[in-house]
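These notes are about the structure you will find just below.
The values are calculated or read from the model by the stated rules, or taken from the named source; none is laboratory data. For clarity, every value in this text was computed on a predicted model and none was experimentally measured. Here the Cβ positions follow ideal geometry from the backbone for every residue, glycine too, while neighbour counts run over all protein chains shown.
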């Protein structure tokens, strides 16, 4: 039996919350807001520290590269010193493993707001087809819900949080309630030109950044291009700044437990959840929180880990796992990238081109799979421009001379000239596509390894199939076509079969979903259409875990919409005393 | 207070850095100090602060190595009529830090410096920094142009390339370097498209249909409202 320590926290834990929410990212943040505003007493348990990008001690926005002694290099934080993710693919004391011959890189960000503090804010609705893929191509499974079920929530999320974009009437790229987009940058005009020449659809981006005020609490974008640093005036979407802080301000009964690593969901003799146990990172002791309802929002893999570690007489295979599917059907987006040198963009006049913290243009999936050797699609994201230098800027400063008949190398004044000559002349495109969810891509509990809190860790088993490899091959063909059409020189060589056509390692795109997938059949799914465990009616999962398929779209907007929908359902069920 | 002393007291006393830093405002002549890494002032976690402080308190290069790095710095980026040199921008201090932080730089840079001295000792019977300017240039010309370099100096070419990369990145991430480059952002702004003369220079134009959908910056602070079909009406 576990020993609990008599401390202040134990006193607090004698309080019974209406809802205990594990995790404070997109899913947890939305549940916190909706449930607390309904008058429920809510505990939010977050593995990392409190975080507010407006706090001068935590703010990285508008810092200059020289304020970091490593000039923003990415050896400490994986996306560089100024990126607002506390964590990464590797975290000291919190290992994970993989089965032989497979690899999955697992990105975790432990902090209030989780990964929403640094994400790209690409805020896309899944389209009608994205919920019913099996009916279209016979692969994977259909969702038990359709676009029509989620649409009202997408609409509400758009209005609550704010997303810019444009009405385009593209069948599987539903329009929403958009703020107006910013004008394209110079290199983006070249990319538009190139894409149009080769028949690739290009539209204004859809990003959750406030190009226009939406309420009195949040600021308007001031175009520093640094959303990855989290916005100190809350003009971009982060779960802390846009959901949890406003919910607190509205007088919600919310207790935040930070630096608190959840071990398991606790259950009673009937097998119903009674709360969670967690380890405080501050004193390394274990505590217990009681709740009538438990909402898991720790991220797809962390929530699966918690459930699999919550073993009891009633739930010997882990909580809610009578189907055995928890951890299975894990899938991340596919990804491949390429860069090109655009001679027409040499010798640029400089001006403030920061714009918003992401591309101002976007390439949605534009083809018909019937004519292709892979199922599903991919979208493309672009980069380039007159960015702020950081570590790595100026490396191989004139290698591009090779393409304009000049000499590579040298030193002195000529180097300065070359740096300026090529500044802003390189652009890049990244493809992000849909991977088919498979039962044999999974995470499970490693029987041999625990983390520094004594919690058994995850072991991953993940491989790509030819579906994904062929998609990456096609991405590179597309990149080259667009670069050619814009008068560019594609850099590097096209990766061949031996390198999976440049396909990124699973997990690297950080869109992992599917580990507690939803469905109508309790034998084949962990959660129902309301993201409620089939086996335990007072436990819900509101992160990416319940996704049946991932679409070629970033998952956050759908996590938000589904979390809101589930929260409404919880309120309804509590009122009816069904849970 | 000397910065290194500050660090020592930080390590020993574990006092919040904010107190110490506000307790010793730099005098105007110490202004360059501000250009140097301002420890803990860029949103660090406690663990990150401790890592930075530890490295800043250690010394990797010896005096001769640092002197050689300084000479190389200013051969690679000498001052111009409008911009200071690499040493003016504090690049040797940056290189001292970065090899401690990104440790794979250590052996190639340290070994490369020895390679350099070995080469000039054979050719001129002197260490690199004691060579005349023309002798130094002669060696630079041997290793700074990869396509023309003789096979026997291939290691020197690799060293030069790595050192030049660190010098350039160290330089262009300072105020001095950023001003020289002409980067104009990292400050509040209202982006309203590419300047017309730039569009003209590069022979591109905005598509009027696309532009019509873009933000009207005059109305950016008016609270957004939509009709039921999602059309913005404010």
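Summed over the range A:125-138, the residues that are touching a helix residue (DSSP H, G or I) at 6+ places or on another chain (Cβ under 8 Å) and either part of a helix (DSSP H, G or I) or modelled with pLDDT under 95 (or both) give a count of 6. Of the helices (runs of 4 or more DSSP H) that lie entirely inside the range B:158-219, those containing 2 or more residues that are surrounded by 14 or more Cβ atoms within 10 Å (Cβ to Cβ) and at pLDDT 95 or above span B:175-181, B:196-202.
Is it true that some residue in the range A:414-423 is more than 10 Å from every other protein chain (Cβ to nearest Cβ) and either within 22 Å of the chain's Cα centre (by Cα) or not in a helix (DSSP H, G or I) (or both)? No; the residues of the range A:414-423 include none that is more than 10 Å from every other protein chain (Cβ to nearest Cβ) and either within 22 Å of the chain's Cα centre (by Cα) or not in a helix (DSSP H, G or I) (or both).
Would a scan of the range A:29-44 turn up a residue that is within 14 Å of another protein chain (Cβ to nearest Cβ), at pLDDT 95 or above and surrounded by fewer than 22 Cβ atoms within 10 Å (Cβ to Cβ)? No, because not a single residue in the range A:29-44 is within 14 Å of another protein chain (Cβ to nearest Cβ), at pLDDT 95 or above and surrounded by fewer than 22 Cβ atoms within 10 Å (Cβ to Cβ).
When you look at residue A:259, is it on the phi > 0 side of the Ramachandran plot and within 14 Å of another protein chain (Cβ to nearest Cβ), yes or no? Answer is yes for this residue. The listed residues are A:409, A:433, and the only one of them that is buried (at least 18 other Cβ atoms within 10 Å of the Cβ) and either under 30 Å from residue A:350 (Cβ atoms) or out of contact with any helix residue (DSSP H, G or I) (no Cβ under 8 Å at 6 or more places or on another chain) (or both) turns out to be A:409. Return yes when residue B:141 is in the same structural domain as residue B:54 (by TED's automatic domain parsing), more than 30 Å from residue A:69 (Cβ to Cβ) and surrounded by fewer than 20 Cβ atoms within 10 Å (Cβ to Cβ) and no when it is not. Answer is yes for this residue. Tally the residues that are within 11 Å of residue B:221 (Cα to Cα) and touching a strand residue (DSSP E or B) at 6+ places or on another chain (Cβ under 8 Å), restricting the search to the range A:209-240. Residues flagged as within 11 Å of residue B:221 (Cα to Cα) and touching a strand residue (DSSP E or B) at 6+ places or on another chain (Cβ under 8 Å) within the range A:209-240 amount to 5.
Residue-by-condition table, conditions (1) more than 29 Å from residue A:299 (Cα to Cα); (2) out of contact with any helix residue (DSSP H, G or I) (no Cβ under 6 Å at 6 or more places or on another chain):
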| position | (1), (2) |
| --- | --- |
| A:177 | no, no |
| A:180 | yes, yes |
| A:186 | yes, yes |
| A:191 | yes, yes |
| A:201 | yes, yes |
| A:223 | yes, yes |
| A:243 | no, no |
| A:251 | no, yes |
| A:269 | no, yes |
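Restricted to the range A:68-85, and to residues there that are surrounded by fewer than 21 Cβ atoms within 10 Å (Cβ to Cβ) and under 11 Å from residue A:390 (Cα atoms), the residue that is nearest to the other protein chains (Cβ to nearest Cβ) is A:73. Test residue A:489 against the stated conditions and say whether it is closer than 30 Å to residue A:90 by Cβ and surrounded by fewer than 20 Cβ atoms within 10 Å (Cβ to Cβ). No: the conditions fail for residue A:489.
Residue count for the range B:175-234 satisfying the condition of being more than 7 Å from chain A (Cβ to nearest Cβ) and on the phi > 0 side of the Ramachandran plot: 1. Only residues that are at the interface with another protein chain (Cβ under 9 Å from one of its Cβ atoms), in contact (Cβ under 8 Å) with a residue 12 or more places away in the chain and surrounded by fewer than 20 Cβ atoms within 10 Å (Cβ to Cβ) were counted across the range B:146-157, and they come to 1.
Of all the criteria given as (1) in contact with a strand residue (DSSP E or B) (Cβ under 8 Å, 6 or more places away or on another chain); (2) touching a residue at least 12 places away in the same chain (Cβ under 8 Å); (3) more than 10 Å from chain A (Cβ to nearest Cβ), the one not satisfied by residue B:136 is (1).
Each residue in the range A:179-194 was checked for being within 7 Å of chain B (Cβ to nearest Cβ) and part of a loop (DSSP other than H, G, I, E, B), and 5 pass. Taking the range B:42-73 as the range and being farther than 17 Å from residue B:159 by Cβ and in contact (Cβ under 8 Å) with a residue 12 or more places away in the chain as the test, the residues that pass are B:49, B:52, B:53, B:54, B:55, B:56, B:57, B:58, B:59.
Residues in the range A:436-468 that are in a helix (DSSP H, G or I) and buried (at least 17 other Cβ atoms within 10 Å of the Cβ): 2 in all. Just to be sure, is residue A:536 part of a loop (DSSP other than H, G, I, E, B) and within 20 Å of residue A:365 (Cβ to Cβ)? It is false that residue A:536 is part of a loop (DSSP other than H, G, I, E, B) and within 20 Å of residue A:365 (Cβ to Cβ).
If the condition is being within 10 Å of chain A (Cβ to nearest Cβ), assigned to a loop (DSSP other than H, G, I, E, B) and surrounded by 17 or more Cβ atoms within 10 Å (Cβ to Cβ), then the range B:72-93 contributes B:77, B:78, B:83, B:89, B:90. Only residues that are assigned to a loop (DSSP other than H, G, I, E, B), touching a residue at least 12 places away in the same chain (Cβ under 8 Å) and over 30 Å from residue B:144 (Cα atoms) were counted in the range A:353-395, giving 17. So is residue B:109 within 30 Å of residue A:401 (Cβ to Cβ), at pLDDT 95 or above, within 11 Å of chain A (Cβ to nearest Cβ) and surrounded by 15 or more Cβ atoms within 10 Å (Cβ to Cβ) or not? For residue B:109, the condition - within 30 Å of residue A:401 (Cβ to Cβ), at pLDDT 95 or above, within 11 Å of chain A (Cβ to nearest Cβ) and surrounded by 15 or more Cβ atoms within 10 Å (Cβ to Cβ) - is not met.
Looking only at the range A:509-526, how many residues end up being in contact with a strand residue (DSSP E or B) (Cβ under 6 Å, 6 or more places away or on another chain) and closer than 17 Å to residue A:132 by Cα? Counting residues in the range A:509-526 that are in contact with a strand residue (DSSP E or B) (Cβ under 6 Å, 6 or more places away or on another chain) and closer than 17 Å to residue A:132 by Cα gives 3.
Okay, residues lined up against (1) touching a residue at least 24 places away in the same chain (Cβ under 8 Å); (2) assigned to a loop (DSSP other than H, G, I, E, B):
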{"position": "A:90", "(1), (2)": "no, yes"}
{"position": "A:106", "(1), (2)": "yes, yes"}
{"position": "A:140", "(1), (2)": "yes, yes"}
{"position": "A:156", "(1), (2)": "yes, no"}
{"position": "A:159", "(1), (2)": "yes, no"}
{"position": "A:176", "(1), (2)": "yes, yes"}
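The set of residues in the range A:61-88 being in contact with a strand residue (DSSP E or B) (Cβ under 8 Å, 6 or more places away or on another chain) and touching a residue at least 40 places away in the same chain (Cβ under 8 Å) is empty. Inspect the range A:112-134 for any residue being more than 19 Å from the chain's Cα centre (by Cα) and within 14 Å of chain B (Cβ to nearest Cβ) and give the result as yes or no. No, that holds for no residue. Taking the criterion of being at the interface with chain A (Cβ under 9 Å from one of its Cβ atoms) and touching a helix residue (DSSP H, G or I) at 6+ places or on another chain (Cβ under 8 Å), the residues of the range B:44-71 that qualify are B:44, B:55, B:56. Being more than 11 Å from chain B (Cβ to nearest Cβ), over 25 Å from the mean Cα position of the chain (by Cα), surrounded by fewer than 24 Cβ atoms within 10 Å (Cβ to Cβ) and at pLDDT 95 or above is a property that residue A:197 has.
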